[in-house]
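Here is the structure we will look at.
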Amino acid sequence: MRLDTPLPDGYRFRPLTADDHHDVLDLDAWAFPVPVETEEMAKMPSPLTWERAVGVQVDGDTPDGSPLAAMHASYPFTQFPVPGGTLPTAGLTWVGVHPQHRRRGLASAMIDLHLARCRERGEPLSALYAAEYAIYGRFGYGRAADDVRVTLPRGAALRDVPGASEHTVRIEHADAERHRDLVLGIHRAAGQDVGGLGLNRPGWAGPETAELQAHRWYDPAAFRQGFESRRLVVVERDGEPRGYALLRRKLDWDVTGPRGTVNVAEAVALDTASSRALWGVLVDLDLMSETKPFLVAPDDPLLSLLVDRRGADLRISDNVWVRVVDVPTALAGRRYAADLDVTLAVTDTRLPDNEGVWHLRAEAFGPASCTASETAAEEADLALDIRELGAAYLGGTALTALAAAGLVTERTPESLARASTAFGWPVAPMCSWVF
């Protein structure tokens, strides 16, 4: 394991193992306060892939068993969806610094180590969810996807969809042994072929590892915050599962009667008819007054099926952030929505190998290539920083929008419009769960 990235004086990196589980949870509680005691949290299966977890220890004679000053880890997404394909991607996670050790450069050193190890492992991308919006841009991550947070009133009217009434519904206690494969199968299929269009959804990562799966299905009462145990809704057509939702309910009362809430952790369907059948159930459960999906894609059928979209409390939030770690591999590893022949002058202060001018060629929805160009940086068609390249990479942020903000420079007329069209993707990028 590579641990040679410089740290501030007085600190050292060390590999973390399952024996560090308690210390990792304690540090995480310092970085992200939670109302649950560490001893209770330690009962949960850890989602971490331990060989990808690194701690920061106070240097000197301090034993490895002493409290951690900081840590980070990553998930191995071997099939991370990008436009028209998949690429190995490191899902950066559990980045935390103890309050006593803040503002000393530990986070910056950890990110540099993470990026170096990504290149060492042959992962051309890193992705994350940002706890705070302003943090990761300075490390070259760009906001690559958005999601919609929505609150639906009980009985929210939905437009009719042919075939929706032909679905049957099962509502059961969610159980890992019975339902894991069903949920994984539908989730995977939904990301590979969105709505039967033959197009994938970029960013639609799955919980690939056994550790993530075990953690995902663990359901302790201490973490429910007054909600019931996890439930599962499955919609089927001719006996074939076509969609699912994982949810919890909570029942409150006031003088007007029941005021229940349905929290939907994830709702996934394979086509519009199954989506209509699924949401028809979720917005009309007895004793409930509102339904709150956690993450909804900006182009999810639900938002178009709402008869009164103004009647829902809609908010846009940032979803996955992407960092391009290896420019030529990443740009050649996705597909483009139009023919493209463009030179890009890329700046990257943290990974010098990405600096320079890159010649990107692609056929619409076909193969692409990206090679180093001898073109001078000031003569390239477009100039942008690695952060903006990451923001545009999944097709959810237009290069034209970044240029309008002064973040992309066009040097060859019409090259911006052509590149922005090609970098776009017909399906909005999104990840359906927070890693």
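The values are calculated or read from the model by the stated rules, or taken from the named source; none is laboratory data. Model, not experiment: these values are computed from the prediction. Cβ coordinates were reconstructed from backbone atoms using ideal geometry, including for glycine residues, and neighbour counts include every protein chain displayed. Surface areas here come from the heavy atoms of the whole protein model, side chains and all, with no ligands, DNA or RNA. Shrake-Rupley method; radii C 1.70, N 1.55, O 1.52, S 1.80 Å.
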* To do: With a length cut of 20 Å (Cα positions projected on each helix's long axis) and a Kyte-Doolittle mean of at least 0.0, go through the chain and give me the DSSP H helices that pass.
  => 106-121
* **Principal axis box of region 76-152, alpha-carbon based, largest edge first, Å** => 43, 43, 18
* residue 294: accessible area at probe 1.4 Å, nearest 10 Å²? -> 90 Å²
* To do: Extending each Cα 7 Å along its Cβ direction at residue 223 and residue 172, get the distance between those two points in nm, one decimal.
  => 2.2 nm
* Asked: When all protein chains stay in place, what accessible area (Å², nearest 10, 1.4 Å probe) is found for residue 251?
  -> 70 Å²
* Structure fact -> Between residue 350 and residue 129, Cβ-based FRET efficiency (R0 30 Å, step 0.05) works out to 0.90
* Asked: What nm value, rounded to one decimal, do you get for the distance between residue 254 and residue 120 when each label is placed 7 Å out toward the C-beta?
  -> 5.6 nm
* Asked: Accessible area of residue 171, 1.4 Å probe, to the nearest 10 Å²?
  -> 100 Å²
* Reciprocal mean inverse distance between Cα atoms of region 1-153 - Kirkwood radius, Å -> 16.7 Å
* Of all accessible surface on the chain at a 1.4 Å probe, what whole percent is carbon and sulfur? -> 49 percent
* Asked: If you project the alpha carbons of region 282-435 onto the principal axes, what extent comes out on each, in Å, largest first?
  -> 67, 30, 30
* Any idea of the accessible area per residue across the chain, 1.4 Å probe, to the nearest Å²? -> 44 Å²
* Asked: Roughly speaking, what % of Cα-Cα pairs in the chain are separated by over 36 Å, rounded to a whole number?
  -> 33 percent
* Asked: Could you sort 292, 43 by accessible area so the largest value comes first, with the probe set to 1.4 Å?
  -> 43, 292
* Asked: Based only on Cα atoms, what Rg/Rh ratio does region 228-317 have, Rh being taken as Kirkwood's radius?
  -> 0.98
